[in-house]
Amino acid sequence: MDVPLWLALIIVGWLGVKLIRPPWWLIAVLLLGGFLLADSVLAPAIDTVIK
């Protein structure tokens, strides 16, 4: 079964919010921080570390 990555991320995120119950400001900071890091000059360095 092939599940698109965006769908898997939505499901995992929804389950994490329901089970762990983090504060909403923390979710917003993580989403915004990840979005900003993905478009920064650090993106190639992060990509090589992850791979």
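Here are the numbers:
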read-out	value
Positions within region 1-47 being surrounded by 10 or more Cβ atoms within 10 Å (Cβ to Cβ) and assigned to a loop (DSSP other than H, G, I, E, B), in sequence order	22, 40, 42
Pairs, first closer than 16 Å to residue 31 by Cα in region 1-21, second open to solvent by less than 90 Å² (accessible area, probe 1.4 Å), C-beta under 8 Å, six or more apart	16/22; 17/27
Among (1) open to solvent by less than 100 Å² (accessible area, probe 1.4 Å); (2) modelled with pLDDT under 90 - the single one residue 50 does not satisfy	(1)
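The values are calculated or read from the model by the stated rules, or taken from the named source; none is laboratory data. Just so it is clear, the structure is predicted and the values come from calculations on it, not from any experiment. Cβ: placed from backbone, ideal geometry, glycine included. Neighbour counts: every protein chain shown. Calculation scope for accessible area: heavy atoms of the full protein, side chains included, ligands and nucleic acids excluded. Shrake-Rupley method; radii C 1.70, N 1.55, O 1.52, S 1.80 Å.
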